Every structure is written in structure tokens, then in C-alpha cells.
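The values are calculated or read from the model by the stated rules, or taken from the named source; none is laboratory data. Note that the structure is a prediction, hence the values are computed from the model and not measured. Cβ: placed from backbone, ideal geometry, glycine included. Neighbour counts: every protein chain shown. Calculation scope for accessible area: heavy atoms of the full protein, side chains included, ligands and nucleic acids excluded. Shrake-Rupley method; radii C 1.70, N 1.55, O 1.52, S 1.80 Å.
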Amino acid sequence: MEKHFKNWVVFGMVLCLPMLFTSCGNEENDKNKEMIEQRDVEIVSSNIEKSWIVTHFQFTDKCNSSNKLKYQVSSIHLDLKSGKYKAIDQYSLVEDEGSWKMNGNAVELISEKGESVLRFRINKLSSREMEADVIEHQDLLGVELIAKK
């Protein structure tokens, strides 16, 4: 009986061992894929033409607390496609549309209303994240964005 039990234990281990290696391999593949997605990419218009969500704001010293709060509770979604942009604050439901242009690593969003909405300089760009300094804005010094999937 003891020999029979040992044979079953060995048989079970033989069956489970490949599954253990397979699951570790899948986790490793997921980690590798994530690392590839986090690599920096060239700062060109084709690499920023996607849907973004603003996740963090860096404020100027002049930004008052009520404006900071408005930014912090906002959920701004920004779509950049073929020279056009659409921005929606999912919290306040304020929308804006217009065109955008890129000069080097600087981007300018120009509202259909005719005024420049935002100018920023991209410091870091990966396939999933963007960090940028905001240029000549009374409230903002910088923003961080993540790409929507």
C-alpha cells in the first residue's frame, strides 16, 4: 500500500511540475511585455497620436487653492488624432476641440474658439506615458499623462 501511495505522489508531482514552469513562464512574458511598453520612444507626432488621460498636475506658486482643487478632481481625457484634438473633463463634462501642432518636442493645442489652450514641451515619452512641462500657463508647470488602452 505504501509503495502504491508513493507512486501516486510521484505521478502527481510529474503532472504538476510542467504546469508550474508554464505559469512562471507566462508571468515572465507579461513582465517582459510591460517592460517593452515602458521603454522611451522617439518624440514625434506619430507616437503621441492616441488617447491620453491626464493623471498628475504640477502647479505654479501663483495657482490658488480653488483652481488646484478643480484640477485635482478633474478627469481630463485628451484624444490626439491627425492634427485634431478633443479634450473632455469627465468630472465637469466640459469639452473642447481644435487642432494641434508639434514643433520639435513642443506641442500646441489650438481651440476652435481661436485661442491657444495649452502649450507643452514633452520631456519623456514611452508608449504608455508622457511627462511634459507646460509653457506659459498661469496655474500649471507640468503634467503627466497615461495612454488609454
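Worth pointing out:
- Only protein heavy atoms count here; under a 1.4 Å probe, Val94 has an accessible surface of about 90 Å².
- With the whole protein complex present, Asp139 retains an accessible surface near 10 Å², based on a 1.4 Å probe.
- Count Lys and Arg as plus one, Asp and Glu as minus one, and take only other residues whose Cβ is under 14 Å from that of Arg121; the net charge is then -2.
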